[in-house]
Amino acid sequence: MAMLQENTTNRAQVLNGDYAGILGVFHHLHCLDTIRRVLHWDHYGPRASEQALRSGVYSKEHSDHCLDGLRQAVMCHANTDFYSAEWISDSTQPMSKELRSEGKQRCVNWESLDVWARSRALIPGHYNYRLGPYEASQGL
């Protein structure tokens, strides 16, 4: 956290001194998955666990949080590839064009990133958190 110049006040810390966290890309993927599930609630809603329903992960507030985070990521890491309109049907029809890009995207090596992140993941049940500031102030 110090290398990232992060303020550690109120940060969740595990007993070995490390801090719990996640790469932004995984948070964004979680958000996309959550929004997908909300959009197709007729399919995913009945399959949602009680814990997920109680957590608020499918709430409007969480969806708003996710959309705003994704908006910020898109604006911060803007894709500047050029998309041109291409006719796909009769030009008198309102939806007669489709956007296409011949741009070559430069991507990270997803497999390497995923392997790196998973090798550092906290495995549920194999760690404990230090008391947070709220519990500590209450003598818990």
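Remarks
- Shown is the FRET efficiency for residue 71 and residue 20, computed with R0 = 22 Å from the Cβ-Cβ distance and rounded to the nearest 0.05: 0.30.
- Take the Cα of residue 126, step 7 Å toward its Cβ, do the same at residue 112, and the gap between the two points is 2.5 nm.
- Sorted from longest to shortest, the spans of the Cα atoms of the chain along the three principal axes equal 71, 40, 25 Å.
- Label-to-label distance, residue 119 versus residue 100, with points set 7 angstrom from Cα along the beta-carbon direction: 4.2 nm.
- Annotation for segment 56-140: chymotrypsin sites (Phe, Trp or Tyr not before Pro) lying in DSSP loop with at most 11 further Cβ atoms inside 10 Å of their Cβ are 82.
- A crude spin-label estimate for the pair residue 78 and residue 39, with each label 7 Å from Cα along the Cβ direction, gives 2.4 nm.
- A Förster distance of 30 Å, applied to the separation of the beta-carbon atoms of residue 9 and residue 85, puts the FRET efficiency at 0.05.
- Cα Rg over Rh - segment 24-103, Kirkwood: 1.14
- A DSSP coil position with no more than 15 other Cβ atoms inside 10 Å describes the following trypsin sites (Lys or Arg not before Pro) in segment 82-113: 104, 106.
- For the chain, the dipole from Cβ point charges (+1 on Lys and Arg, -1 on Asp and Glu) about the Cα centre works out to 280 debye, to the nearest 20.
- Principal-axis tilt of helix 60-76 within the chain, Cα atoms, nearest 10 degrees: 70
- Loop-located trypsin sites (Lys or Arg not before Pro) across segment 1-80 with a Cβ neighbour count of 16 or fewer within 10 Å are 11, with loop assigned by DSSP.
Coordinate-derived values only; no laboratory data. Every value quoted in this text rests on a predicted model; they were computed, and no experiment measured them. Cβ coordinates were reconstructed from backbone atoms using ideal geometry, including for glycine residues, and neighbour counts include every protein chain displayed.
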